[in-house]
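Since every read-out is calculated from the coordinates, none of them should be taken as a lab result. The structure presented is a predicted model; accordingly, all values stated were derived computationally and were not measured. Backbone-built Cβ (ideal geometry, glycine too); neighbour counts: all protein chains shown.
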Amino acid sequence: MKFGVVVNEGPYTHQASDSAYQFTKAALAKGHEITRVFFYHDGVNNGTRLTVPPQDDRNIQKNWTELGKEHDLDLVVCIAAAQRRGILDENEAKRQGKDADNIAEGFRISGLGQLIEAGIMSDRLVTFGD
Amino acid sequence: MSILHTVNKSPFQKDDLKSCLAHANEGDAVLMIEDGVYGAIAGTAASQDISNAKAGVYVLGADLAARGIAQDKVAEGISVVGYDGFVDLATEHSAVNSWL
């Protein structure tokens, strides 16, 4: 079965990003397909490579990046939500005249249409947030 | 068409679980996750709503454990599932509705 996953909450806030990650991992382990993970609202904060959590804590961004690499996941950060919160890739940084970008490996910035498309492409769309 | 409802708020904090249980139909499933798992403890104000529910009621075991709630504290009629069970519930119902 095809699953789309939506993450509406930032890392280390309540539990949404952790729950979404565990759900995604369990779905993949069962042989299901993840069409896309869409990071929306504060969820875009999962996609910055500049987080430095304590070494004895989980690294949520790295977990997503590694799971994405292992299963070729499409990790999409909403562009409008990202710009408001300072999540930029190289192109966006250039376009907005900023001196740095911070998008994490394996994530890409795109539009809200990607969420609609994920809904159309997937048998189930599962939302995690607060 | 049946629905899997997920509830992630404690019933002692918000009314989501109560509303969800009242809306869920026969054949639906209600899964308590995150702080929602506090609703699964036996003998609380939420227990009556759960026993009156038409839908099947489930709780995520990992989130119970994370909050130090032993499985023998879970009210009768509630099934404890893992993340694999969460995935199965999502496949068995035609849509997933997250009560956020």
Amide N proximity, the stretch B:1-35 versus B:ASN52 label position 7 Å along Cα-to-Cβ, cut-off under 14 Å: B:17-24
Can you pull the three principal axis extents for the Cα set of the stretch A:8-130, in Å, largest first? 44, 38, 27
Net charge dipole size for the protein assembly as shown [Lys, Arg +1 and Asp, Glu -1 on Cβ; Debye, nearest 20]: 360
Tell me the chymotrypsin sites (Phe, Trp or Tyr not before Pro) within the stretch B:20-100 that lie in a loop according to DSSP and have at most 11 other beta-carbon atoms within 10 Å. none
As straight-line cross-link partners of B:LYS54, the qualifying lysines (C-alpha separation under 17 Å, not fewer than 8 residues apart within one chain) are B:LYS18
For the stretch A:2-128, what does the relative contact order come out to in percent, with C-alpha contacts under 8 Å and a separation of six or more? 35
I'd like the GluC sites (Glu not before Pro) in the stretch B:11-100 restricted to DSSP loop residues with at most 13 other Cβ atoms within 10 Å, sorted by number. B:GLU26, B:GLU76
Can you tell me the mean projection area, over all orientations, of the convex hull of chain B's alpha carbons? Units nm², please. 5.4
For the protein assembly as shown, report the % of Cα-Cα distances exceeding 26 Å. 39
Only Lys, Arg, Asp and Glu count, each charged at its Cβ (+1, +1, -1, -1), so figure out the dipole size of the stretch B:3-99 about its Cα centre, rounded to 20 debye. 260
In nm², what is the average projected area of the convex hull enclosing the Cα atoms of the stretch A:24-63? 3.7
Cα-based Lys pair tally, chain A, threshold under 27 Å, eight or more apart or on separate chains: 11
